[in-house]
Amino acid sequence: MEWFGAADYTLAREVLQRGTAAIFLVAFVSTGLQFPALLGERGLLPATELLSHPAARRLPTVFRWRYSDRMLRSACIAGSAAAASVILGLPQLASSWVPALVFLGMWVLYLSVVEIGQTFYSFGWESLLLEAGFTVAFLGSSDVAPPLTVILLLRWLVFRLEFGAGMIKMRGDRSWRDLTALYYHHETQPMPNPLSRFAHLMPKWFHRVEVLGNHFAQLVVPFFLFAPQPFATVAAAIIILTQAWLVMTGNFAWLNVITIVLAFSAVSSPTVDYSPAPLWWVVPVLAVSAMLVVLSWWPLRNLFSRHQLMNASFNRWHLVNAYGAFGSVTQQRFEIVIEATMEADPAEGDWRPYEFKGKPGDPGRMPRQFAPYHLRLDWLMWFLALGARDERWFIGLLFALLRADAATLRLLRSAPFGATPPLAIRARRYLYRFATRAERRETGLYWMRTEAGMIVRPIMLRVSDRP
């Protein structure tokens with residue numbers, strides 16, 4: 001079965017396995033640090049409430065029968081250990097079924113988290129990591145050549161990811177079609193990074209070239225992933241370079257990093273000699289490949305639908321999904337600033353803000369780099385400022401801050417009164433924009449902001465509810 005192996009993709013396999021495992025490690029670590037406060041037993045949206053509903057019995061999660069924060073942390077430790085072993089290359093030294101089982105174990109554990117993660121785990125890159133982890137599981141180890149069918153399926157994943165994003169942009173927002181989208185996007189993206197302001201202040205002709213480059217990379221280049229070499233490698237290089245620019249200018253969790261990793265499925269390297277793959281390995285790989293091909297019908301149809309879905313899963317296992325990002329671009333940036341006071345009859349100057357780790361707050365603070373780490377609360381605060389309708393978690397956040405809940409405060413950069421519960425809390429909405437070069441020189445600020453209204457008037461805990 002010489003056709004089964006792709007001996008010139010040995011380097012690609014190394015990058016795919018270790019890179020995907022590294023993203024799993026980030027995902028498990030961030031889950032262990034954030035999930036209990038967001039979704040734990042005393043979280044903002046307790047997973048126990050979700051699991052108490054009869055419909056939850058159908059969820060593919062190991063927490064279906066019982067959830068506890070201790071179990072969640074144990075799952076994250078196990079997933080992190082498995083990911084670290086792959087990064088070190090240990091399972092790959094054994095027979096091919098060993099790395100397969102390790103990756104499938106990570107896939108099951110992270111799927112279990114995503115299925116109970118509700119709005120905090122509703123991002124497209126959750127499904128992307130799950131699909132990548134499941135597919136990469138069948139790349140084998142150093143005793144066999146990388147299976148050609150799996151290499152092609154990973155290219156198909158990159159194609160859906162890139163072409164789907166390109167199509168959703170063309171269908172979703174006129175600014176992508178008239179090449180003006182990046183007049184705004186660097187400034188209004190969910191979480192700017194240290195270079196976002198630099199990118200935003202580039203001349204408009206540069207932004208139009210950026211959009212043209214994006215369209216070329218997402219609507220033309222993906223087709224060449226299936227071309228003969230060296231065209232496939234060139235296509236992968238273009239995708240990697242465009243994704244690297246996004247890494248440099250934004251904080252999109254692990255979306256761009258995992259795209260770079262997956263693009264290596266089209267990068268060839270010198271051929272390595274392998275023994276023929278054993279039948280016990282060929283049969284399951286071909287069976288899984290056939291299953292993924294069958295599941296591809298729904299996302300393929302979606303790509304060419306007039307009502308294209310963005311970041312949609314067509315099965316409970318998050319396999320062979322539809323992807324896309326920023327089908328529309330907001331032209332103004334709004335932020336919600338939460339403030340607290342210790343005064344019973346506060347003056348305006350008595351209100352002091354909470355600072356988040358990633359999202360803009362203090363106008364004088366330069367945006368930080370956090371990706372590929374995912375600050376889930378900060379991202380939802382961006383959606384909330386845009387008018388997201390599900391505010392249950394936000395109400396929970398306000399009351400957690402009124403209690404000075406220690407787990408919640410650890411999600412923030414700073415609290416105005418530390419671990420001391422405030423007397424009252426409120427939330428105001430501001431319009432933010434990057435300071436121009438002249439404004440930056442004059443004021444020292446990175447952001448200029450103007451108040452856009454009160455969204456939550458001062459609230460207090462009842463005396464009986466105070467800590």
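Take the conditions (1) at pLDDT below 95; (2) outside the structural domain of A404 (by TED's automatic domain parsing); (3) in a loop (DSSP other than H, G, I, E, B); W280 misses just one of them, which is (3).
Matching residues to (1) within 30 Å of D8 (Cα to Cα); (2) in the same structural domain as W382 (by TED's automatic domain parsing); (3) exposed (fewer than 15 other Cβ atoms within 10 Å of the Cβ); (4) among the acidic types (D, E):
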| position | (1), (2), (3), (4) |
| --- | --- |
| L161 | yes, no, no, no |
| A165 | yes, no, no, no |
| S175 | no, no, no, no |
| Q189 | no, no, no, no |
| N193 | no, no, no, no |
| R197 | no, no, no, no |
| F206 | no, no, yes, no |
| Q218 | yes, no, no, no |
| F226 | yes, no, yes, no |
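Report yes if I338 is assigned by TED's automatic domain parsing to the domain that holds L154, β-branched (V, I, T) and either touching a Leu at 6+ places or on another chain (Cβ under 6 Å) or within 30 Å of P360 (Cβ to Cβ) (or both), otherwise no. Judged against the criteria, I338 is not a match. Applying the criterion of at least 1 residues that are hydrophobic (A, V, I, L, M, F, W, C) and over 28 Å from A27 (Cβ atoms) to the strands (runs of 3 or more DSSP E) found wholly in the range 359-467 leaves 424-434, 447-459.
Might you check whether a residue that is in the same structural domain as V158 (by TED's automatic domain parsing), of a type in the set (S, T, Y) and part of a helix (DSSP H, G or I) occurs anywhere in the range 42-61? Among the residues of the range 42-61, at least one is in the same structural domain as V158 (by TED's automatic domain parsing), of a type in the set (S, T, Y) and part of a helix (DSSP H, G or I), which makes the answer yes.
Of the numbered criteria (1) assigned to a loop (DSSP other than H, G, I, E, B); (2) assigned by TED's automatic domain parsing to the domain that holds L157, the one G324 fails is (2). With respect to S80, determine if the residue is of a type in the set (S, T, N, Q), assigned to a helix (DSSP H, G or I) and without any contact (Cβ under 8 Å) to a residue 24 or more places away in the chain. Considered against the rule, which asks whether it is of a type in the set (S, T, N, Q), assigned to a helix (DSSP H, G or I) and without any contact (Cβ under 8 Å) to a residue 24 or more places away in the chain, S80 comes out as no. Residues that are surrounded by 14 or more Cβ atoms within 10 Å (Cβ to Cβ), touching a Lys or Arg at 6+ places or on another chain (Cβ under 9 Å) and over 22 Å from T61 (Cβ atoms) within the range 303-321 comprise L303, Q308, listed in sequence order. Looking across E115, E126, one residue alone is in contact (Cβ under 8 Å) with a residue 24 or more places away in the chain, touching a Pro at 6+ places or on another chain (Cβ under 9 Å) and within 18 Å of C76 (Cα to Cα). It is E115.
When the residues of the range 60-104 are narrowed to those that are of a type in the set (G, A, S) and under 13 Å from G140 (Cβ atoms), which ends up surrounded by the most Cβ atoms within 10 Å (Cβ to Cβ)? Step by step, filter the range 60-104, then rank; the result is S96. Annotation note: of V337, V272, V329, the sole residue that is assigned to a loop (DSSP other than H, G, I, E, B), of a type in the set (A, V, I, L, M) and under 30 Å from M448 (Cα atoms) is V329.
Within the range 232-254, residues that are surrounded by 19 or more Cβ atoms within 10 Å (Cβ to Cβ) and assigned to a helix (DSSP H, G or I) sit with their Cβ atoms under 7 Å from residues that are modelled with pLDDT of 95 or more and among the charged types (D, E, K, R), at 6+ positions apart or across chains, in these pairs: I239/E162. Inside the range 329-355, can you point out the residues that are at pLDDT below 95 and crowded, with 16+ Cβ neighbours inside 10 Å? V329, T330, P346 - these are the residues of the range 329-355 that are at pLDDT below 95 and crowded, with 16+ Cβ neighbours inside 10 Å. If we keep just the residues of the range 409-467 that are out of contact with any strand residue (DSSP E or B) (no Cβ under 9 Å at 6 or more places or on another chain) and among the basic types (K, R), which is modelled with the lowest pLDDT? So the residue we want is R466. The helices (runs of 4 or more DSSP H) found wholly in the range 118-212 and carrying at least 2 residues that are touching a strand residue (DSSP E or B) at 6+ places or on another chain (Cβ under 8 Å) and farther than 23 Å from Y432 by Cβ occupy 148-172.
The values are calculated or read from the model by the stated rules, or taken from the named source; none is laboratory data. Since we're looking at a predicted model, the values are computed, not measured. Backbone-built Cβ (ideal geometry, glycine too); neighbour counts: all protein chains shown.
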